[in-house]
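Participant: Mind looking over this structure? Questions follow.
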Amino acid sequence: MTHDNFAQRRTRLAQQLGPHGIAILPTALERPRNRDSDFLYRHDSYFYYLTGFTEPQAWLVLTGDGQSTLFCQPKDLEREIWDGHRLGPAAAPAALGVTQAFSVAELDTQLPKLLENRDAVWFPFATHAGLETRMDGWLGKVRSRVRYGALCPEQQRDLCGPLDEMRLFKDASEQATMRRAAQISAGAHIRAMQRSAAMLRAGQDVREFHLDAELLHEFRQHGSQYPAYGSIVAAGANACVLHYRADAAPIRNGELVLIDAGCELDGYASDITRTFPANGKFTGPQRALYELVLASQEAAVAATRPGARFTDPHEASVKVLAQGMLDVGLLNKNKVGLAQDVIANRSYFQFYMHRTSHWIGMDVHDCGSYVEPAEVGQVSERKDPLSGETIKDRPSRILRPGMALTIEPGLYVRPAKGVPEQFHNIGIRIEDDAIVTEDPKFKGCELISRGVPVTVDEIEALMRG
Ligand code: GLY
Ligand code: MN
Ligand code: MN
């Protein structure tokens, strides 16, 4: 990503602020972990999107005329000996293409001046603790000068609105980074699968953390800065806990392992799930459920194309899963009826309780409205068959080229009365990352995470060693 990419984004955003508008955007705070150690620092995604700057203690101010001001840590030789290089305000305009830069120590004196005579101030609502209070302080200073003829912004607007919409459509350089992130993550899944089978073959005690270590090794080996989220490595029944984290449970011969892990590369996430037999060979019941989830994913992939709605892939997977649940005996048709009843009554929810997709980008659950903006006023009501609640629906987002989303159906079978024992404690999810495209090389979406096999035969072949 070049300095021009960021400058172009700032220009596009500035055009949406109004000629007398101003936007104020901080990066993320540093967060203490324990005593004097901080959590590993991660910049704010919106801030990075507009600057490419990853140092903490930085702010961007953008005005409707396209001028940009960066506040950043001042040069400080002593602090730089301890904490590392700082760009500093003198070098920032040339390095980042911003109009001007100040030390962050000048924020409280400069911001009231920058806010004066603007009609609207934009900042991200409800995302940065304490920001509203600081904004009140700066606006209070502007107001105290009103009697000398200063104008104080009359409108406060949520900067997330225009930024979310911009971030929803990934440009070519973002797509390239996401492809590379997904490729690294795919390699990490392969490595973990092979290691699981190899350790079991060698008679070793395999734990979830062993496979977690393999993932991390592969991520870092290829330049990823960190995992995009806490890796899930779930052995056996742990796969039925949706937000399980890699822990110390033993990985046993005959059980499945669910790994949901993806690296972050240069600010962009990947998000892949594979479920595989610990020893490399699916049992009959494992295979039956796996093939069902895979068929539901294929249906969802086929439904992911420009012009379709965001909810179409979900509906496509639910349709396949509902019929499959009846076919394999997870649900009893004498009790729940036909597939259409299973869908209407949400009986499938016992085994499939999450949505099939979310946007992905700089944040693993990326920003962007799930409602079609032009149709936001079209509200319909329905009664949820399980909770009895009245739900207001708005038309789901229409998929367009450049949008990126995951496709991740699953089945999670907790032991319960009437559920065949052979399926108890099996948890399966298959997750890939897709970019919506009109490129005729693809049928509506490019799956960027298929560097790791997904079919039963391919997984078994990979794990044979
Ligand atoms: N890894 C989080 C998710 O799949 O949504
Ligand atoms: Mn996901
Ligand atoms: Mn995931």
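Values quoted throughout were computed directly from the atomic coordinates according to the rules given, and no laboratory measurement underlies them. What you see is a predicted model; the values in this text were computed from it and never measured. We place every Cβ from the backbone using ideal geometry, glycine too, and count neighbours over all the protein chains shown.
Participant: Could you say whether any residue in segment 228-249 is without any contact (Cβ under 8 Å) to a residue 60 or more places away in the chain, more than 16 Å from ligand 1 (Cβ to nearest atom) and either out of contact with any helix residue (DSSP H, G or I) (no Cβ under 8 Å at 6 or more places or on another chain) or closer than 25 Å to R180 by Cβ (or both)?
Facilitator: Within segment 228-249 (the criterion being without any contact (Cβ under 8 Å) to a residue 60 or more places away in the chain, more than 16 Å from ligand 1 (Cβ to nearest atom) and either out of contact with any helix residue (DSSP H, G or I) (no Cβ under 8 Å at 6 or more places or on another chain) or closer than 25 Å to R180 by Cβ (or both)), the answer is no, since none of the residues qualifies.
Participant: Among the residues that make up segment 388-405, is at least one of them out of contact with any Leu (no Cβ under 6 Å at 6 or more places or on another chain), within 16 Å of ligand 3 (Cβ to nearest atom) and not in a strand (DSSP E or B)?
Facilitator: Looking for residues that are out of contact with any Leu (no Cβ under 6 Å at 6 or more places or on another chain), within 16 Å of ligand 3 (Cβ to nearest atom) and not in a strand (DSSP E or B), one finds none in segment 388-405, hence no.
Participant: Of the numbered conditions (1) in contact with a Cys (Cβ under 9 Å, 6 or more places away or on another chain); (2) hydrophobic (A, V, I, L, M, F, W, C); (3) surrounded by fewer than 18 Cβ atoms within 10 Å (Cβ to Cβ), A120 fails exactly one; give the number of that condition.
Facilitator: Status for A120: all satisfied but (1).
Participant: May I ask you to list the residues in segment 289-313 that are under 19 Å from G427 (Cα atoms) and without any contact (Cβ under 8 Å) to a residue 60 or more places away in the chain?
Facilitator: A295, E298
Participant: Given (1) buried (at least 22 other Cβ atoms within 10 Å of the Cβ); (2) away from ligand 3 (no atom under 16 Å from the Cβ); (3) within 22 Å of I360 (Cα to Cα), where does Q225 come up short, assuming only one miss?
Facilitator: So Q225 meets the others, but not (1).
Participant: Could you tell me whether segment 196-216 includes any residue that is closer than 24 Å to L70 by Cα, in a helix (DSSP H, G or I), of a type in the set (A, V, I, L, M) and without any contact (Cβ under 8 Å) to a residue 40 or more places away in the chain?
Facilitator: There is no residue in segment 196-216 that is closer than 24 Å to L70 by Cα, in a helix (DSSP H, G or I), of a type in the set (A, V, I, L, M) and without any contact (Cβ under 8 Å) to a residue 40 or more places away in the chain.
Participant: Going through G280, G230, G187 one at a time, which residue ends up being more than 20 Å from D432 (Cα to Cα) and among the small types (G, A, S)?
Facilitator: Being more than 20 Å from D432 (Cα to Cα) and among the small types (G, A, S) holds for just one of G280, G230, G187, which is G280.
Participant: Return the residues of segment 256-273 that are within 19 Å of A404 (Cβ to Cβ) and either among the charged types (D, E, K, R) or away from ligand 1 (no atom under 15 Å from the Cβ) (or both); say none if nothing qualifies. Talk me through it step by step, then tell me what you get.
Facilitator: Within segment 256-273, the first condition is being within 19 Å of A404 (Cβ to Cβ), and the residues that meet it are 260-273.
Within segment 256-273, D260, E264, L265, D266, G267, D271 qualify.
Participant: Which residues, counting only those in segment 76-112, are in a helix (DSSP H, G or I), of a type outside the set (A, V, I, L, M, F, W, C) and closer than 21 Å to L50 by Cβ?
Facilitator: Of the residues in segment 76-112, the ones in a helix (DSSP H, G or I) are 77-83, 92-96, 104-112.
Remaining after also requiring of a type outside the set (A, V, I, L, M, F, W, C): 78-80, 83, 93, 106, 108-110, 112.
Answer for segment 76-112, where residues must be in a helix (DSSP H, G or I), of a type outside the set (A, V, I, L, M, F, W, C) and closer than 21 Å to L50 by Cβ: P93, E106, Q110.
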